[in-house]
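I have placed the structure first, in the form of structure tokens, so that the comments after it can refer back to it.
The values are calculated or read from the model by the stated rules, or taken from the named source; none is laboratory data. Quantities reported herein were computed from a predicted structural model and do not represent experimental measurements. Please note: Cβ atoms are built from the backbone with ideal geometry, for glycine as well, and neighbour counts cover all protein chains shown.
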Amino acid sequence: MELVSLKRAIVVGATGGTGAAITAELIKRGIHTIAFGRSPQKLEQLAGELGSPSHLTLAVGDAFKPQDIVTAADDADVLFHCANVPYNEMADRLLPLGESVMEAAKQKNLKVVAIDGIYPYGRRQMEKVTEEHPKQPHTKKGKVRLAFEQMLFSSRWNNVQTMIARLPDYYGPTANQGSYLGSTLGAIAEGKPAFFIGNMVIPREYVYLPDAAMMVVELASREHAYGQNWNIPGAGTIAGRDIVRIARKASGKTKTVIPLGKVGLSLLGLFVPVMKEVVEMLYLTEEPLLLSTEKYKREIGAIPATSFEDGISATILALQKQQKRKS
């Protein structure tokens, strides 16, 4: 199996949840990594958390400007596209963001690993969703995400080899506000009342970000993985009430956690616009998708699957350390 030259990588959106986890994994493997982001402060904080290694370069720039990425990319082999936009800006800004990244990759002849989610699948039509599951999104965000996929694989970027790594809901020390579960665990770690999006009874799939980053970097190093979609599955499913139980035990705090359904999200959306946008995705909390592990296992190997007990506990402890440093 032919391996990719992965001596130097650029992570666009390096300070976000997935970007920070992938940057950490690349650094752990000794790969020279360019962390690209808008905020010098967040980039410096990321470098500090990684121990300011000599094979990490920080690059401040705007991912909507291809030339900023081109200037930062230097002699990179692979570009990890981890930048994202808020839900309430997705319809207008996701495609321009992706086009900017792809234009830079075309100019620099880079391979691209794009991180995406499960919205393009629409409603579940298989017990375990394979990469061949029909893409029939019925939501605005699902349709935008499908257009994003089609743009990434467009012949406009004829010299760019691209893959999409699809994550379910995720959690981990870097997830922050970037995931449904990130803000919930952050509040529990801090000993504050928390919201939980969706009901707390139906088990759903979550992937621990350090596990996801390992899988994504493994894929990025395989020549044959490009030109395809790949599932990045989690360690199974878990109900919200069990997540909260584990998180409370790890934090030593037991503040209230309030589940948010359609009415709660709509009311909260009057004050926090992004919350109103979550409503149309609530179907995933009632009819969860479970990603098939078959293709990854067959073509790449074993799937790292940190248990929820270990992953949630480690996340809470890491978040509490971060909170202490800030206070």
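Quick notes
- The range 188-212: number of residues that are under 18 Å from Ala314 (Cα atoms) and surrounded by fewer than 20 Cβ atoms within 10 Å (Cβ to Cβ): 2
- Considering residues of the range 21-60 that are crowded, with 23+ Cβ neighbours inside 10 Å and in contact with a Gly (Cβ under 9 Å, 6 or more places away or on another chain) only, the residue nearest to Ala213 (Cα to Cα): Ala21
- For first residues located in the range 108-128 and under 22 Å from Glu280 (Cα atoms) and free of Cβ contacts under 8 Å to residues at least 24 places away in the same chain, partners that are outside any loop (DSSP other than H, G, I, E, B) and small (Gly, Ala, Ser) and lie 6+ apart or on another chain with Cβ distances below 8 Å form the pairs Gly122/Gly142.
- Residue in the range 250-283 that is surrounded by the most Cβ atoms within 10 Å (Cβ to Cβ), counting only those that are out of contact with any helix residue (DSSP H, G or I) (no Cβ under 7 Å at 6 or more places or on another chain) and of a type in the set (Ser, Thr, Tyr): Tyr283
- Qualifying residues in the range 244-288 (those that are among the charged types (D, E, K, R) and outside any helix (DSSP H, G or I)) - the one modelled with the highest pLDDT: Glu287
- For the range 266-310, a tally of residues being of a type in the set (A, V, I, L, M, F, W, C), farther than 23 Å from Asn229 by Cα and in contact (Cβ under 8 Å) with a residue 24 or more places away in the chain returns 5.
- Among all positions in the range 233-242, there is at least one residue which is surrounded by fewer than 19 Cβ atoms within 10 Å (Cβ to Cβ), in contact with a helix residue (DSSP H, G or I) (Cβ under 8 Å, 6 or more places away or on another chain), part of a helix (DSSP H, G or I) and acidic (Asp, Glu).
- Within the range 289-312, the set of residues being assigned to a helix (DSSP H, G or I) and surrounded by fewer than 17 Cβ atoms within 10 Å (Cβ to Cβ) comprises Glu294, Lys297, Arg298, Glu299, Glu309, Asp310.
- Considered as a group, the residues in the range 21-49 that are out of contact with any strand residue (DSSP E or B) (no Cβ under 8 Å at 6 or more places or on another chain) and not in a helix (DSSP H, G or I) include one that is nearest to Pro173 (Cα to Cα), and that residue is Arg29.
- From the list Met90, Met102, Met163, the lone residue that is modelled with pLDDT under 95 and at negative phi is Met90.
- The range 136-159 - residue that is among the charged types (D, E, K, R) and within 20 Å of the chain's Cα centre (by Cα) and, of those, surrounded by the fewest Cβ atoms within 10 Å (Cβ to Cβ): Lys140
- Listed by position, the strands (runs of 3 or more DSSP E) contained in the range 163-230 that have at least 3 residues being closer than 15 Å to Ile258 by Cβ and in contact with a strand residue (DSSP E or B) (Cβ under 7 Å, 6 or more places away or on another chain) are 194-197.
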